[in-house]
1. I need the helices (runs of 4 or more DSSP H) fully contained in the stretch 130-207, keeping only those with at least 3 residues that are under 27 Å from R110 (Cβ atoms) and touching a residue at least 24 places away in the same chain (Cβ under 8 Å).
2. Does the stretch 141-156 contain any residue that is at pLDDT 95 or above, closer than 17 Å to F73 by Cβ and open to solvent by 50 Å² or more (accessible area, probe 1.4 Å)?
3. Say whether the condition of being open to solvent by 20 Å² or more (accessible area, probe 1.4 Å) and on the phi > 0 side of the Ramachandran plot is met by at least one residue in the stretch 48-60.
Amino acid sequence: VSAEEVETVASPTVSGDAVAQLSALEEAVRGCRQCALCDGRKQTVFAQGSPTADIVFVGEAPGEQEDIQGLPFVGPSGQLLTDIITKGMKMQREDVYICNVIKCRPPNNRDPLPAEKDACEPYLLQQLDLVKPKVICALGGHAAKTLLKTDESTGSLREKWHFYHGIPLRVTYHPAYLLRSPGEKRKAWDDIQEVLKVLNGEITPTP
């Protein structure tokens, strides 16, 4: 599926309204059969949060609980992300926008395959284009590599500003990784503080 095809699917019922376009896009995702993941899903996981959010968090793929509930980041890693947003950033979860590169759960939570990411990527790109955030936070390697078209590791992509179609993008560790490696939480908080500086108007990263 190409970005143009996704746009075509989303456009008949809208007239320039991002909220309506996101709703139409979500409906298109719900019926998507572009890869084999559609055969094993309970439901698709499109996004959660505000369509006018200043920040978008992009993760990897739904897990078991996400597949059951149809919402991103609702398992243990989701609770950690919620804590980062509410306790660390002093924001509400409903005020940010949360989505994944992959909209269907891979079997046994395995890593997404390149073909699966290619099939889902146009949906993600359309989401970002419609939300138009001030900053993107890529959670983990799959999100970072998809958005930045790189094979570099999460560790090497951290501590610097990247840009996705002109939007400042910061890479940090996925919450699931932080649960396995709690000693890295300090580094993740350093990343989030840089994101906050953009949201608060303290810095304006330039390419």
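1. Details: elements: 141-148, 154-157, 175-180, 185-199.
Here the list reads 141-148, 175-180, 185-199.
2. no
3. yes
The values are calculated or read from the model by the stated rules, or taken from the named source; none is laboratory data. Computed from a predicted structure; not experimentally measured. Reconstructed Cβ throughout: ideal geometry from the backbone, glycine too, with neighbour counts over all protein chains shown. The accessibility values were calculated without ligands, DNA or RNA, using every heavy atom of the protein model including side chains. Shrake-Rupley method; radii C 1.70, N 1.55, O 1.52, S 1.80 Å.
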